[in-house]
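Undergrad: Below is the structure I would like to discuss, written out as structure tokens.
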Amino acid sequence: MNTWRNASLAVTAAAVLALTTACGQEQGTDTNGQSVGAAKPADAGYGADSGYGSDTGAAAAAEPAGQLAVWDSKELGKVVTDSEGFTLYRFDKDTANPPKSNCDGDCATAWPVVAAGDATAAPGTDPSLLGEVTRTDGTKQLTIAGWPMYRFAKDTSPGEAKGQGVGGTWFASAPDGKKAAPADSASDEVTAGDLPGLSVRKDPKLGDIVVDANGMTVYRFKKDTAWPMSSACTGACLEKWPVVAPVDKNDTEGIIKKGFVTFDRPDGIKQQSIDCWPIYTFSGDTKPGDTNGQGVGGTWFAVSPNAKLVGAPK
């Protein structure tokens, strides 16, 4: 009996060892309990400004939008403003169908919600696109084409758009609820929306690099490790370098499938990895095709289809 039991335990141990080899996970299985290390100082190549873009504090009460207007920005295209000329924004982590806001607490302090109340469509726009969503605190928030609308606390004067691209998730709203974009780049958003969760783009300077479903460049951090899988990007770093959320392996095109697993970080965030390397986007990239994160701090580089660092010094 003891001989049989010892043999059984040996087989089990061998199976566990095989499962954990080469970052230990396949078919999208989570990796649990890996250390992400200590937060890095502001000069570690990622900066330390808040991803929300403002100091924390009590969320401001929603203010009525009044008569909406359209601001024709040379850089952003047609942008919706409230009656006072302040830019209205949308948040990528919200949903439009069904309408839902995922900005509460400190987030709603930095991004005050726009009340539905007396909002009137801008002249020449479709009034049927205006709607409302009831927030968790009971506030009725204005929506455009289902997207909840916000202002940005750091916009202190009409015509400012300091919130554009913050965290890689906040964008000025166009009259149709889409992300504002100049006429000559409007096709970029349509193309990006048709992309797989992760795919490959040929950059004129960097060559083949990985992009996400929005066409945004995907990066790796040199201070991370693949085995054991560990991220050295925490706290303020994640506000500059948001993690790539888990992607279905079948929703990819042209990238290596080895080590394509979900990293279950100790801070509770689930992060996609390629070849066991955690991957990120950059808040300083505001549109598809941007590679502003390339080489930042000598530690951040775009990712090749086989998960290598593109253009990194040997």
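Undergrad: Extending each Cα 7 Å along its Cβ direction at residue 253 and residue 205, get the distance between those two points in nm, one decimal.
TA: Here the answer is 2.6 nm between the modelled labels.
Undergrad: Averaged per residue, what accessible area in Å² does the range 201-267 show with a 1.4 Å probe, protein chains only? Could you put the intermediate results ahead of the total?
TA: On the way: 2840 Å² over 67 residues.
Each residue of the range 201-267 exposes 42 Å² on average to a 1.4 Å probe.
Undergrad: Quick one: which of 223/257; 223/249; 287/314 span more than 27 angstrom between C-alpha atoms?
TA: Checking Cα-Cα distances, 287/314 exceed 27 Å.
Undergrad: To the nearest 10 Å², what's residue 147's accessible area with a 1.4 Å probe?
TA: Using a 1.4 Å probe on the heavy atoms, I get roughly 50 Å².
Undergrad: Using a 1.4 Å probe on the protein heavy atoms, what percent of the accessible area of the range 219-265 belongs to carbon and sulfur?
TA: Taking all protein chains in place, the range 219-265 shows 49 percent carbon and sulfur surface.
Undergrad: Moving to a separate point now. Over 23 Å between Cα atoms: which of 202/270; 154/222; 202/258 fall into that group?
TA: Cα-Cα > 23 Å for 202/270; 154/222; rest within.
Undergrad: On the protein heavy atoms, probe 1.4 angstrom, tell me the percent of accessible surface of the range 69-190 carried by carbon and sulfur.
TA: 53
Undergrad: Run the numbers for residue 126 and residue 314: contour at 0.36 nm per residue of separation, minus the present Cα-Cα distance, in nm.
TA: Gain in length upon complete extension: 62.2 nm.
Undergrad: Shape verdict for the range 247-297, please, from the Cα gyration tensor: rounded (a/c under 1.5), prolate (a/b greater than b/c) or oblate. Could you put the intermediate results ahead of the total?
TA: On the way: a/c = 2.02, a/b = 1.34, b/c = 1.50.
It is oblate, given that a/c is not under 1.5 and a/b is not larger than b/c.
Undergrad: Can you tell me the length gained on complete extension of the stretch residue 84 to residue 137, counting 0.36 nm per residue apart and subtracting the Cα distance?
TA: Details: separation 53, 0.36 × 53 = 19.08 nm, distance 2.55 nm.
Taking residue 84 through residue 137 to full extension adds about 16.5 nm, to one decimal.
Undergrad: When all protein chains stay in place, what accessible area (Å², nearest 10, 1.4 Å probe) is found for residue 281?
TA: Surface accessible to solvent at residue 281 totals approximately 20 Å².
The values are calculated or read from the model by the stated rules, or taken from the named source; none is laboratory data. Every value quoted in this text rests on a predicted model; they were computed, and no experiment measured them. Glycine gets a Cβ as well: all are built from the backbone with ideal geometry, and neighbour counts include every protein chain shown. Keep in mind that these areas ignore ligands, DNA and RNA; they rest on the heavy atoms of the full protein, side chains included. Shrake-Rupley method; radii C 1.70, N 1.55, O 1.52, S 1.80 Å.
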